[in-house]
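In what follows, a single structure is set out as structure tokens and then discussed.
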Amino acid sequence: MRFTILLAMVLAFSAQAASVERRDHAIAASGLSVAFPSGYACEPISSPFASATRYDGSMRRGDRNGGMHGGMDISLETGTPLLSIADGEVIALGEGGALEGIYIWLRHAPEDTGSPYFVFSKYQHLSALPQLKIGDRVKAGKVVGLSGATGTAGKHYGSSGYAHLHLSTFYGPSDEYEIKGMYGSMITAREARLDDPLILYLGDLHDVSAVQSLPDERRTVRPAVVGDDGHIHPEGSKTVWPVACRKLTKR
Ligand SMILES: [Zn+2]
């Protein structure tokens, strides 16, 4: 009897996990790449959006997003400050389950990013709960949490896990969203589409689904960055890279 209840719980959880992971469009590579401002050393992407491989080159599991990466990863030492990619509002935070870890969700309005859509960003695997609360406004480039390896230990990454930022972004026409999942960590924004975080740095792309047909000269995104001095370069940029960059000293 007890086993039956447990089995029912496991099945219910699997069904829920499957429904929140699946999206109404197939994840596909955007074709975008990133170039950082000259004179700055930035942490690169270790596994891009829609990649079939992890940072170490191993193949991802085929049962989540068809084995395609649902965000972008940046390998980081634990405790590295994670920066808000644009002005926004904290809409959820907490501790998720395995593969998820400590997370924070932000919502960025079109006026926050200069993009025509609402952007919902999710930062995962934080080392501790952020010192923020739901409803707080955050400024572009300000710290929203510290990197870590929560939710990554066990299975592929071994007992110590893999310290990195996993950043996912959803693009949609509406500010409306629902919080789902057994940890309250899954947000479904109305008509929003999971896609490459690099799209944010294109700024004026009106139709996210058109990203794959951009001409070659628009396929390199050039995000603004926060330097060691805590300022955004170029000054006044609305969107920034989620990790600060080191300014290289001139010889
Ligand atoms: Zn990831």
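With n ≥ 4 as the cut-off for DSSP H runs, can you work out [θ] at 222 nm for the chain, using -39500 (n - 2.57) per run divided by the number of residues, rounded to the nearest 500?
On the way: 2 runs with 24 residues, N = 251.
For the chain, the value works out to -3000 deg cm²/dmol.
What's the FRET efficiency of Arg222 with Met59 using the Cβ-Cβ distance as r and R₀ = 22 Å, to the nearest 0.05?
Calculated value: 0.10.
So what's Rg/Rh here for the range 2-247, counting alpha carbon atoms and using the Kirkwood radius for Rh?
Dividing the radius of gyration by the Kirkwood radius yields 0.95.
What is the list of residues in the range 92-120 whose amide nitrogen lies under 19 Å from a point 7 angstrom out from the Cα of Asp175, following Cα to Cβ?
92-93, 105-120
Multiply the residue gap between Arg246 and Leu214 by 0.36 nm, knock off their C-alpha separation, and tell me the result in nm, one decimal place.
Length difference between fully extended and current span is 8.5 nm.
Helix 2-21 against the longest principal axis of the chain: what's the angle in degrees, Cα atoms only, rounded to the nearest 10?
Between the helix axis and the principal axis of the chain, the angle is about 30 degrees.
So what are the ³J(HN,Hα) numbers for the range 189-195, from phi and the Karplus equation (6.51, -1.76, 1.60; θ = phi - 60°), rounded to whole Hz, Gly and Pro as x?
8, 4, 6, 7, 10, 6, 8
Calculated FRET efficiency, Asp136 and Ala26, Cβ-Cβ r, R0 45 Å, to nearest 0.05? Could you put the intermediate results ahead of the total?
Values: r = 35 Å, r/R0 = 0.77.
That pair, Asp136 with Ala26, gives E of 0.85.
All of the numbers you see were taken from the coordinates with simple rules; none came from a lab. Not measured: the values here are computed from a predicted model. Positions of Cβ are generated from backbone atoms using ideal geometry, with glycine treated the same way; all protein chains shown enter the neighbour counts.
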